[in-house]
Every structure is written in structure tokens, then in C-alpha cells.
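Below you'll find the structure, written out as C-alpha cells, and then a few comments.
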Amino acid sequence: MTDTSPATSTSLSASVLDLAPVLPVVVVSDPARAVPLARALVAGGLPAIEVTLRTPGALDAIRAIAAEVPEAVVGAGTVVSAAQVGEAVAAGARFLVSPGWTEGLVRAMQASGVPFLPGVSTASEVVALLELGVREMKFFPAQAAGGTAYLKALAGPLPQARFCPTGGIGPDSAPDYLALPNVGCVGGSWMLPAEAVAGGDWARVEALARDAAALSAGATCR
């Protein structure tokens, strides 16, 4: 997700950061629930969906969403190796997200042909990624790494960097992040309560997603 790398060769017409104010972070234990879950999120106004590679069924979930929910923009999260980059893209992932990065991982992401958000938590990491031509990043773990105060501090010297803060963010704190000029969206899973997903309560997921999709309209910086 840079102006100069091969990562711009994608069918997405907009940056992942600009598709919706919230990027749902999904951990799928049962791939059979992936399609109805994705449909509920999309119906609620959250088309970009990050399926984390934390479970054995994650790639199957990505594959199912890509095949059966074409209106969703499904991506792979917790990508930590070049091998996972290839596996995720082959499964149908349209973007990639990592909790951190190495130059080797970033080069693999750049060569993948899909947008990506490498994870950062320090100014030095941001500067190093800018040197590699990467301008859009995941700020993780957001709350533990300094929250909105840290991102405000980065905006002055590094205005060209844009972020998707993820980690410890909920509906109450999300508007504060979304009000920052260097934040495109936030990542979170509060619209996916474990009991709702386990019970197949997709109407509740859709309602929570709709509330999350409307957050940007009321974003104010405190």
C-alpha cells in the first residue's frame, strides 16, 4: 500500500484504509461460519474483513468468503512469513495485515500484488517503512503502544504515514482515533461478540457492524 511498489497492482479502487471506518478483525474457528459472518458484516456497512491466520481453518474461511461473498473485500491478518503471504493470496485474500515486519516480509508483500498493512509501534519502524516506499501501516498494539497521543505526536514529523490502529480499541475509543488526520480506519472485533458468533446471531452482528460503520460521522478528538 504505497505509491511506488508493486502492491498498488490490485483490483481495489480505493485504499483499504478508506473502505470503512472500522476494519473487523476476525478469528474464525469454524470455517462454516465464515460466509454468514461476512454477509452480516457487509450488510452492516463493513465490507473490508481481516481474517487472522491464527486458526487452522483461516485459509478455508478466506477461500469461502472470496468465493461466496463477492461484495466483501476479504484480507488475511497475522501474516508473519513469506510463505503465509503466498498462501493467503492463493486463497483469495485481497489485502494483507501483519502485526510487525521485517524487510523480507515487506518485500514478499510488495511482490504479492495486493495491498498490505505492516505493523509498527515506533517512529523508527515508520521511518524505515517510508524508506521502502510504504506509507500505509497498522499501528499495533494501539492502546499499549501509546494510543491517540502517540499517533498525534507522529503526525507532525511524519505526515505522509497513515495508519489503521488496532489493539484494545472499542466503540468508545474508536472515534478519538478516527478524528486524527493520520488515521484512515481502526481495527477491532467488538462487533463480533463470541456468543453471537457461536450462536449464529447474525442479526446482532449486522446491527453492531452498522453502529461501527457510522462511527466516523461523530468522530471528535478529545
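Readers should treat all values here as calculations from the given coordinates under stated rules, not as data from a laboratory. These numbers come from a predicted model, not from an experiment. Note: ideal-geometry Cβ built from the backbone for every residue, glycine included; neighbour counts use all protein chains shown.
Report the FRET efficiency, 1/(1 + (r/R0)^6), for Val80 and Ala179, where r is their Cβ-Cβ distance and R0 is 30 Å, rounded to 0.05. Mind dumping the intermediate values first?
Details: r = 31 Å, r/R0 = 1.03.
Using R0 = 30 Å, I get an efficiency of 0.45.
By counting other Cβ atoms within 10 Å of each Cβ, how are Lys152, Lys138 ranked from fewest to most?
Numbers: Lys152 16, Lys138 27.
Ascending number of Cβ neighbours within 10 Å: Lys152, Lys138.
Once you sort the root eigenvalues of the Cα gyration tensor of the chain as a ≥ b ≥ c, which label holds: rounded (a/c under 1.5), prolate (a/b larger than b/c) or oblate (the other case)? Could the numbers behind the result be given before it?
Details: a/c = 1.81, a/b = 1.16, b/c = 1.56.
In terms of gyration-tensor shape, oblate.
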Of Gly170, Tyr150, Pro99, farthest towards positive along the dipole that unit charges on Lys, Arg, Asp, Glu beta carbons give the chain: Tyr150
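Classify the stretch 1-133: rounded, prolate or oblate, from the alpha-carbon gyration tensor (a ≥ b ≥ c, eigenvalue square roots; a/c under 1.5 rounded; otherwise prolate if a/b is larger than b/c)? Intermediate values should be presented prior to the final figure.
Values: a/c = 1.82, a/b = 1.56, b/c = 1.17.
Verdict is prolate for the stretch 1-133.
Go through 28-34, 181-187 and give me the packing order, highest mean Cβ count within 10 Å leading. Walk me through the intermediate numbers first.
Details: 28-34: 18.3, 181-187: 22.6.
Descending mean neighbour count gives 181-187, 28-34.
According to the square roots a ≥ b ≥ c of the eigenvalues of the Cα gyration tensor, what is the shape class of the stretch 84-190, taking rounded for a/c under 1.5, prolate for a/b larger than b/c otherwise, and oblate for the remainder?
The shape class here is oblate.
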Helix-only mean residue ellipticity at 222 nm for the chain, each DSSP H run of n ≥ 4 adding -39500 (n - 2.57), per residue, nearest 500: -10500 deg cm²/dmol
Relative contact order computed over the stretch 113-222 (Cα-Cα under 8 Å; 6+ residues apart), in percent: 22
